[in-house]
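Report on the structure given below.
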Amino acid sequence: MPKMKTKSSAKKRFSVRAGGSIKRGQAFKRHILTKKTTKVKRHLRGATAVHERDAASVRAMMPYA
């Protein structure tokens with residue numbers, strides 16, 4: 001059987017942590033930051049985990065992760 005392909009968009013956006021959770025970047029932090037408060041921008045820093053309901057579809061896009 002041929003190897004399964006990983007979705008290129010998924011491998012650029014997600015990574016799997018050592019504990020098995022999937023890491024993703026925060027949205028709404030790229031542009032139009034002047035109207036967002038400092039508190040909102042501060043809470044958007046860093047990465048967060050993918051919701052457990054979406055994790056199965058992300059894992060299907062990344063079969064070898």
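Here, each number is a calculation from the coordinates, and none is a lab measurement. Just so it is clear, the structure is predicted and the values come from calculations on it, not from any experiment. Note that we place each Cβ from the backbone using ideal geometry, even for glycine, and neighbour counts take in every protein chain shown.
For region 8-61, lysine pairs separated by 8 or more sequence positions, or belonging to different chains, with Cα-Cα distances below 15 Å total 4.
At R0 = 22 Å, how high is the FRET efficiency between Arg59 and Thr37 if r is their beta carbon distance? Nearest 0.05 is fine. Could you put the intermediate results ahead of the total?
Values: r = 35 Å, r/R0 = 1.59.
Approximately 0.05, to the nearest 0.05.
Along the charge dipole of the chain, Cβ charges K/R +1 and D/E -1, which of Pro2, Val40, Ala56 sits furthest on the positive end? Result: Val40, furthest along the dipole toward the positive end. Basic side chains Lys and Arg get +1 at the Cβ, acidic Asp and Glu get -1 at the Cβ, and with that the dipole of region 8-61 about its Cα centre reaches some 360 debye. On a 0 to 90 degree scale, rounded to 10, what angle separates helix 52-61 from the longest Cα axis of the chain? Long axis of 52-61 versus the principal axis of the chain: about 50 degrees. Remark: Lys7, Lys35 ranked as Lys35, Lys7, counting other beta-carbon atoms within 10 Å and listing the fewest first. Model label sites at Lys3 and Arg30, defined 7 Å from Cα along the beta-carbon direction, differ in position by 2.9 nm.
Helical runs assigned H by DSSP (4 residues or longer) give the chain a calculated mean residue ellipticity at 222 nm of -8500 deg cm²/dmol, each run adding -39500 (n - 2.57) before division by the residue total.
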